[in-house]
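No value in this document is a laboratory result; all are computed from the given coordinates. For clarity, every value in this text was computed on a predicted model and none was experimentally measured. All Cβ positions, even for glycine, are placed from backbone atoms using ideal geometry, and neighbour counts span all protein chains on display.
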Amino acid sequence: MTRSLRYLLVVAAVVVLDQLAKAVVVRTIGLHDYVPLVDGLLSLSHVRNHGAAFGLLSDWNLPYQSLLLSVLSLLALGAIAAYFVRLPEAARLPRLALALVLGGAIGNVVDRLRLGYVVDFVHVYWREYQWPDFNVADSAITIGVALLVIDILSSPEAEPQGAAVAVDTASPAGRTD
């Protein structure tokens, strides 16, 4: 199996898991209903996100908002895919990270193009503090971005262009007397 195929399988697995989970939620949980999993911390929910990631812009009600977000998402998908294919095969962590981001983005774009919104179903909260509901696709994107940050922070710093090794002219090897 080629290495690129492995990453395509990661993309496909994220999309399939995301769409399956959303289908189960839509069939089993009523819209705007919540099913507690860990009381005071975690519930399954069924909400429709008409905005961007984590509900951003969901209250804006822009004309053609779903179409606009779909087009922007498709453009971002193209840019990420183009960057992915340019990465060297040895760049395993960034390739995995981008595969997760691509899979998540595709999962949400499928919803947006098919339904006009994204199905979210994981609700995390503590007391009055609430995190916006999210889904498998959002989780994959978040993990992928975190892996990219880890890769960037753990990469050795490149030597600046034009830097040269300093030669000590005062050393005995540099004298001619």
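Only four residue types carry charge here, +1 at the Cβ of Lys and Arg and -1 at the Cβ of Asp and Glu. Report the dipole size of segment 75-154 about the Cα centre in Debye, rounded to the nearest 20. Magnitude of the dipole: close to 240 debye. Distance from the alpha carbon centroid of segment 85-136 to that of segment 1-40 works out to 10 angstrom. Note on segment 82-125: Cα Rg divided by 2.2 N^0.38 Å, N the number of residues, gives 1.53.
Could you sort the peptides 136-144, 78-86 by per-residue average Cβ neighbour count (10 Å cutoff), highest mean leading?
Details: 136-144: 21.8, 78-86: 11.9.
Averaged packing, sorted descending, gives the order 136-144, 78-86.
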